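For reference, the structure is listed below as structure tokens.
The values are calculated or read from the model by the stated rules, or taken from the named source; none is laboratory data. For clarity, every value in this text was computed on a predicted model and none was experimentally measured. FYI the Cβ positions are ideal-geometry reconstructions off the backbone, even for glycines, and counts take in every protein chain you see.
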Amino acid sequence: MAVAAAAALPGSVHACMVSVPQKLEDVRYADVVVVGRIANYRIIRDEAFRRRMLKSPNLPADLRKMYQDPKQSLMTDYARFDIEVEEVLLGRAPAHLSVTWDNSTFSEPDRMKPGRYLIALRRPNSASPPLRGPSATVMPSPDPKILTLLQAPCSSVFLFDAGSVEASSIRQILAARRP
């Protein structure tokens, strides 16, 4: 039941014991970096896990109630969305790109604000930034065939307003890497 409790984290609870500062230099782990707009953002609930847990006759009432709650976020839930690519800063990307985001630090937001974003992505089988905190729960990629957002365990995701200071810094880091 410890695994079940760990997978059931309310939206505001950390999946890490300590949140660590983001290192923008971790963009070196990205396979693709784009600027674009997010479309079709949605949360994909892990219904199979919920059903498995609810079949247990020994499931405590509080956990049963939580797994039945359609608004309850679990660690195995993830976001999926499309990116309307306006600019490719690193790697190769088509004009329309579908990606996943399994946030290791917090649950994913219910929706994304409209606007232009700088988004760093990696292939699910690529190296990811190292763990810099004392603990983390890192789930396998929900869809190993498509790109996923870059995020070091227990840190923030590489998803920035395109006009932000962080986006400008990432542009500089990427420019310095070019031959």
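Scan region 3-17 and tell me whether some residue there is among the β-branched types (Val, Ile, Thr), exposed (fewer than 14 other Cβ atoms within 10 Å of the Cβ), modelled with pLDDT under 85 and not in a loop (DSSP other than H, G, I, E, B). Looking for residues that are among the β-branched types (Val, Ile, Thr), exposed (fewer than 14 other Cβ atoms within 10 Å of the Cβ), modelled with pLDDT under 85 and not in a loop (DSSP other than H, G, I, E, B), one finds at least one in region 3-17, hence yes.
The single condition among (1) among the aliphatic types (A, V, I, L, M); (2) surrounded by fewer than 17 Cβ atoms within 10 Å (Cβ to Cβ); (3) touching a helix residue (DSSP H, G or I) at 6+ places or on another chain (Cβ under 6 Å) that Leu74 does not satisfy is (2). Only residues that are surrounded by fewer than 17 Cβ atoms within 10 Å (Cβ to Cβ), over 14 Å from the mean Cα position of the chain (by Cα) and either modelled with pLDDT under 90 or not polar (S, T, N, Q) (or both) were counted in region 135-165, giving 5. Beta carbons closer than 6 Å, at least 6 apart along the sequence or on distinct chains, pair a first residue in region 90-103 that is farther than 23 Å from Ile43 by Cα with a second that is part of a loop (DSSP other than H, G, I, E, B) and among the acidic types (Asp, Glu) for Gly91/Asp31.
Pro94 meets all of the listed conditions (1) surrounded by 12 or more Cβ atoms within 10 Å (Cβ to Cβ); (2) of a type outside the set (S, T, N, Q); (3) out of contact with any Ser or Thr (no Cβ under 7 Å at 6 or more places or on another chain) but one, namely (1).
If the condition is being over 13 Å from Leu118 (Cα atoms), basic (Lys, Arg) and assigned to a helix (DSSP H, G or I), then region 162-179 contributes only Arg177.
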